[in-house]
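What follows is a short report on a single structure.
The values are calculated or read from the model by the stated rules, or taken from the named source; none is laboratory data. Note that this is a predicted model, so its numbers are computed, not measured. Every residue, glycine among them, receives a Cβ derived from its backbone with ideal geometry; neighbour counts consider all protein chains shown. Surface accessibility is based on the protein's heavy atoms, side chains included, excluding ligands, DNA and RNA. Shrake-Rupley method; radii C 1.70, N 1.55, O 1.52, S 1.80 Å.
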Amino acid sequence: MDNVNTTATTNILNFVNTHITLLLIILLAIVAVVIVTTIIIIRVRVRTRAKKKVEEKVQEEVTVEKVRVEKVRVEKEEEKRVVEEIIEEVKVPWSSRLKNGLLRSRGDIWDKIGNVFSRGASDESSFEELEEILYAADLGPKLVEELLDELKKVSTGGTNDKNENENENENENEIEKKFKLFLYDFLYKRMEMYHTTQVTQATQQTEKTNVITNVIMIVGVNGVGKTTTIGKLAMKYSSEGAKVVVGACDTFRAAAVDQLEVWCKRANVQMVRAREGSDPSGVAYEALQSARNSGANYCILDTAGRLHNNANLMEELKKLKRVLSKLDASAPHQILLVLDAITGQNAIKQAQEFHRALNLTGIIFTKCDGSAKAGSAVAIVQELKIPIVFIGVGESVEDLDKFDLKEYLEALLDVH
């Protein structure tokens with residue numbers, strides 16, 4: 001009986017062990033399948049991510065390339081436009097540009113004066129009309145008084161007499177022509193001594209001088225076209241074959257520095273700049289040092305220009321001069337004040353302040369095309385006793401050129 005029970009028990013245990021082993025094998029198989037599946041899923045995900053990254057990188061490279069190609073295209077179009085503008089501008093000679101630029105001053109002021117005088121300016125009402133026109137030209141009280149005195153002297157020469165035949169209009173034209181020639185002589189005499197060859201050469205040094213680097217310090221209040229004028233000068237000198245370095249010393253106006261940088265890129269000249277709020281004198285020093293090291297012919301310095309009666313501004317400009325002298329005892333070689341023709345007589349007040357502080361060497365007279373007060377240049381020169389070096393009559397680079405007294409008066413009065 002005991003043997004039978006033992007056998008049964010053994011059979012049961014064998015049966016249980018067999019099934020447990022089968023269950024374990026099944027479980028292991030399931031686990032293996034899960035693991036393999038997980039590995040496959042992970043690998044798929046990794047490959048998918050890698051593929052996505054590759055695609056993103058390729059797309060990024062394609063985008064960068066498209067941007068580069070577009071940038072090159074825009075630059076080429078801009079270069080083409082600039083070249084076309086230059087070619088178009090070259091077609092118009094400076095004498096024509098000057099005459100067109102002074103059209104408003106000539107028509108609103110000087111032609112009116114000629115018309116009054118040709119009618120016979122011998123009575124008091126005519127002289128009052130002349131005085132009103134002259135003051136509108138912003139010549140200043142002193143110059144107006146001198147001119148009226150001279151006009152009264154010449155008016156007694158019978159200019160009121162008119163022929164009673166068909167030559168009357170011709171006689172009026174002749175009278176007006178003679179009057180304009182009189183005005184030409186009058187204005188020429190008051191500016192001639194400040195625009196002699198010697199003075200012009202001193203204020204318009206070229207790369208042919210003994211100066212290693214000609215340092216030009218540009219000053220003036222904000223809004224007169226100072227930054228644009230510097231850009232035009234840089235382009236003009238560069239186009240003549242000179243090497244130019246521009247110093248952006250107006251560190252208080254980031255927009256002005258950015259504008260100047262655009263001009264410098266167009267002119268293909270080096271620009272030295274610093275972060276906003278930096279010491280302007282430090283920028284000037286670095287610009288001159290860079291110009292001298294590179295053998296540049298010109299170092300043009302932009303400066304801050306808030307209010308002309310701002311004491312801190314003037315002291316800052318004086319400091320800039322002193323710092324430059326540490327590198328070159330004779331620097332700056334030119335200190336040019338940019339004046340806006342629109343301001344007329346108010347420009348004299350600005351000029352007096354700058355001249356008192358810096359001992360100006362010359363004036364750049366801008367925006368003459370936008371005002372009837374371009375004749376105020378005569379009063380400014382007479383008052384300050386310094387020459388006009390450049391004159392601007394428009395927005396284009398070619399609308400800024402060296403000031404020639406004879407050309408200026410001929411264009412202003414329309415005489416030849």
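Observations, loosely collected:
- Selection count where residues are in a loop (DSSP other than H, G, I, E, B) and buried (at least 24 other Cβ atoms within 10 Å of the Cβ), scope the stretch 354-366: 0
- Condition check for K326: more than 27 Å from Y135 (Cβ to Cβ), in contact (Cβ under 8 Å) with a residue 40 or more places away in the chain, open to solvent by 10 Å² or more (accessible area, probe 1.4 Å) and of a type in the set (D, E, K, R): yes
- Lone qualifier among V246, V262, V257 - being open to solvent by 30 Å² or more (accessible area, probe 1.4 Å), without any contact (Cβ under 8 Å) to a residue 60 or more places away in the chain and β-branched (V, I, T): V262
- Of residues in the stretch 193-203 being over 25 Å from P280 (Cα atoms) and either open to solvent by less than 50 Å² (accessible area, probe 1.4 Å) or among the basic types (K, R) (or both), the one modelled with the highest pLDDT: Y194
- From the list K406, K402, K385, the lone residue that is within 23 Å of A234 (Cβ to Cβ), open to solvent by 10 Å² or more (accessible area, probe 1.4 Å) and modelled with pLDDT of 85 or more is K402.
- Selection count where residues are more than 19 Å from L400 (Cα to Cα), of a type in the set (A, V, I, L, M) and in contact with a His (Cβ under 9 Å, 6 or more places away or on another chain), scope the stretch 332-385: 2
- Any hit, the stretch 215-235, residues being among the hydrophobic types (A, V, I, L, M, F, W, C), open to solvent by 10 Å² or more (accessible area, probe 1.4 Å), assigned to a loop (DSSP other than H, G, I, E, B) and under 19 Å from T366 (Cβ atoms): yes
- Any chance L337 is within 20 Å of D399 (Cα to Cα), open to solvent by less than 10 Å² (accessible area, probe 1.4 Å), modelled with pLDDT of 80 or more and not in a helix (DSSP H, G or I): yes
- Restricting L317, L301 to residues that are over 30 Å from D108 (Cα atoms), outside any strand (DSSP E or B) and open to solvent by less than 40 Å² (accessible area, probe 1.4 Å) narrows the list to L317.
- Failed item in (1) crowded, with 24+ Cβ neighbours inside 10 Å; (2) within 21 Å of the chain's Cα centre (by Cα), with I380 passing the rest: (2)
- Residue within the stretch 243-250 that is at pLDDT 90 or above, of a type in the set (K, R) and over 24 Å from L360 (Cβ atoms) present: yes
- Filtering G157, G140, G101 for residues that are modelled with pLDDT under 75 and either out of contact with any strand residue (DSSP E or B) (no Cβ under 7 Å at 6 or more places or on another chain) or surrounded by 13 or more Cβ atoms within 10 Å (Cβ to Cβ) (or both) leaves a single hit, G157.
- In the stretch 278-307, the residue that is modelled with the highest pLDDT out of those that are farther than 21 Å from H333 by Cβ and under 20 Å from the mean Cα position of the chain (by Cα) is R306.
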